[in-house]
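Below is one structure, written out as structure tokens, with a few remarks after it.
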Amino acid sequence: MPSVFIKTYGCQMNERDSEAVAAQLVAKGYTLAPSEAAADVILLNTCSVRDFAEQKAIGKMQNIAADVRKNRPDVVLGFMGCMAQSRGQELIDRLPDVDLVLGTQKFHHAADYLDEILAGHRDKIVDVAVEPGSEATIREHLLNGNAQKSVTAFVSIMQGCNQYCTFCIVPYTRGEERSRGIPDIVAECRQLVSQGVKEITLLGQIVTSYGKRGGSSREAKVESREPENFLPSTLDSRPSTTKSPFVQLLDAVHEIEGLERIRFTSPHPKGYGDDLIQAYARLPKLVESAHLPVQSGSDRVLKLMHRGYTRERFLGIIKKLRRARPDIGITTDIIVGFPGETGDDFEQTLSLAREVQFDNAYIFKYSQRRDTPAAEMPDQVPLKIREERNHRLLETVNEIGKRKYDTFIGRQVQILVEGPSKKNPARMTGRTRCNKIVVFEGSERHRGQLLDVKITRAGSFTLYGDPAVVSL
């Protein structure tokens with residue numbers, strides 16, 4: 001059977017989609033090639049969030065096409081994912097050597113389409129149409145890479161986004177929100193745990209919007225209690241009488257025997273009602289880690305972005321989370337240089353970073369995306385200013401991060417051992433509950449174990465443990 005190589009750009013959703021496509025192909029007899037040079041099929045799973053990601057994927061495909069058409073003309077080339085959805089036929093018009101363009105609701109057709117192309121039944125295939133029910137088709141997992149069992153797994157609980165932030169192309173590439181049913185998700189999680197998975201990360205474009213629209217089960221359609229006029233106030237210690245669909249899902253997954261940890265990404269600040277914050281306090285398997293994208297510290301810019309919350313509201317959520325779990329690790333996403341962002345707006349973002357003291361932040365220079373409202377806004381910020389602001393904010397975040405990571409030195413932490421370190425395969429790596437990477441001297445027998453490790457030093461967003469105090 002043919003071999004396939006899949007290269008992934010972008011977010012964890014894209015990684016999960018690539019894994020599912022690979023698993024489907026393996027189930028049909030395809031083998032996974034170690035590199036594009038050894039593959040009969042080369043697929044690029046693409047991202048459209050920033051122009052740089054699109055240009056990188058297009059450039060990569062141009063280089064691949066030039067090589068294979070000269071030396072291996074029978075190799076099948078394809079684009080999948082967000083850029084494929086956005087550009088469709090345009091990609092084949094621009095790169096005629098491409099054989100397949102597969103949109104975000106069509107991943108489950110990859111094997112059938114490749115079979116048709118390889119058999120010569122079809123020449124070019126472009127499929128970016130909407131497909132009802134596609135949110136429930138991504139179930140397959142590859143859990144045995146390199147002959148070793150996977151300890152962690154991503155589970156997609158929904159697709160699409162209804163937020164329509166003015167800078168973001170995702171609602172146009174992923175479609176409207178569509179949620180899977182709770183029983184379906186729990187069944188997938190149980191199957192993963194039976195195969196040795198200890199930690200599950202629930203995925204969605206806005207995961208906290210789960211079940212609010214387009215739910216496919218009765219459980220997923222329960223009305224959310226999240227108030228539109230939420231104000232930062234003291235967290236009510238009484239349990240919520242009504243739980244949002246997402247918290248109901250967390251409760252259901254938490255009941256799975258053998259599962260050790262639950263994570264989720266990416267949420268939206270608007271989804272952090274009191275019931276979710278209470279879940280951090282009452283569900284032991286829900287780890288004390290939150291990636292909460294703020295995007296800007298300026299109310300004026302947040303309004304231009306159509307984010308739906310204020311600086312005060314965001315800070316109120318952070319206070320509540322830290323009250324519920326004082327040791328919680330908090331990371332965020334921030335965009336600098338959004339159209340119309342003034343020097344004062346940027347200073348407000350800097351002050352927010354200092355006030356919150358994020359453990360880490362992913363900082364992005366604003367990138368114009370076609371067909372989004374922000375692309376047509378006046379007062380586009382020059383690239384030089386965007387770069388200067390990116391550099392200043394990055395310095396601030398790194399300084400804060402270093403101080404926070406240094407506080408772990410001398411402490412004993414629990415980690416879930418995931419496997420060999422990517423940078424140094426001779427050592428093992430794991431994560432703390434608050435999502436800090438820890439590297440230590442260990443062996444393959446530690447994979448999948450919960451270990452207590454004493455931290456001896458801190459690097460750049462990495463902790464190092466003393467092998468002498470590893471609990472065996």
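Quick look at the numbers
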quantity: The chain: relative contact order in percent, alpha carbon pairs under 8 Å with at least 6 residues between; calculated: 10 percent
quantity: Computed label-point distance, nm, for sites K7 and K56 using a 7 Å Cα→Cβ extension; calculated: 1.1 nm
quantity: For region 41-91: relative contact order, % (alpha-carbon pairs under 8 angstrom, 6 or more apart); calculated: 55 percent
quantity: Inter-centroid distance (Cα atoms) of region 30-77 relative to region 248-301, Å; calculated: 36 Å
quantity: Point-charge dipole on Cβ atoms (K/R +1, D/E -1) for the chain, about Cα centre, debye to 20; calculated: 1180 debye
quantity: Computed [θ] at 222 nm, deg cm²/dmol, the chain (DSSP H ≥ 4; -39,500 (n - 2.57); rounded to nearest 500); calculated: -10000 deg cm²/dmol
quantity: The chain - Cys residues lacking any other Cys C-beta under 4.7 Å; calculated: C11, C47, C82, C161, C189, C434
quantity: Largest-first ellipsoid semi-axes for the chain, taking √(5λ) over the Cα gyration tensor eigenvalues, angstrom; calculated: 34, 28, 24
quantity: Å² of accessible area per residue within region 283-394, as computed with a 1.4 Å probe and no ligands counted; calculated: 42 Å²
quantity: Whole-Å semi-axes of the ellipsoid equivalent to region 14-91 (Cα gyration tensor, √5λ, descending); calculated: 20, 18, 10
quantity: Ranked packing of 261-269, 39-47, 173-181, most packed first, by mean Cβ within 10 Å; calculated: 39-47, 173-181, 261-269
quantity: Distance between region 88-134 and region 406-441 - C-alpha centres, whole angstrom; calculated: 41 Å
quantity: Dipole axis of the chain (+1 Lys, Arg; -1 Asp, Glu on Cβ), positive-most option in T31, V170, N398; calculated: N398
quantity: Computed FRET value (nearest 0.05) for K28 with D123, which takes r as the C-beta separation and R₀ as 22 Å; calculated: 0.55
quantity: Dipole in debye (nearest 20) - region 13-154, about Cα centre, beta carbon charges: Lys, Arg +1; Asp, Glu -1; calculated: 300 debye
quantity: Ranked by how many other beta carbons lie within 10 Å on average, peptides 277-286, 67-76 from highest; calculated: 277-286, 67-76
quantity: Lys, Arg +1 and Asp, Glu -1 on Cβ, resulting dipole of region 334-472 about Cα centre, debye, nearest 20; calculated: 740 debye
quantity: Förster radius 35 Å - calculated FRET efficiency between D333 and N424 (Cβ-Cβ, nearest 0.05); calculated: 0.75
quantity: Region 5-54: trypsin sites (Lys or Arg not before Pro) in DSSP coil with no more than 15 other Cβ atoms inside 10 Å; calculated: K28
quantity: Label-point separation in nm, T456 to S194, each point 7 Å along Cα→Cβ; calculated: 4.2 nm
quantity: R0 of 41 Å, Cβ-Cβ distance D67-K319: FRET efficiency to nearest 0.05; calculated: 0.15
quantity: Portion, in percent, of the accessible area of the chain that falls on carbon or sulfur, probe 1.4 Å; calculated: 50 percent
quantity: Packing-based order for 422-429, 244-251, 459-466, using average beta carbon neighbours within 10 Å, highest first; calculated: 244-251, 459-466, 422-429
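The values are calculated or read from the model by the stated rules, or taken from the named source; none is laboratory data. Nothing here was measured: the structure is a model prediction, and the numbers come from that model. Cβ coordinates were reconstructed from backbone atoms using ideal geometry, including for glycine residues, and neighbour counts include every protein chain displayed. When the accessible area is computed, the model is the full protein with side chains, heavy atoms only, and any ligands, DNA or RNA have been set aside. Shrake-Rupley method; radii C 1.70, N 1.55, O 1.52, S 1.80 Å.
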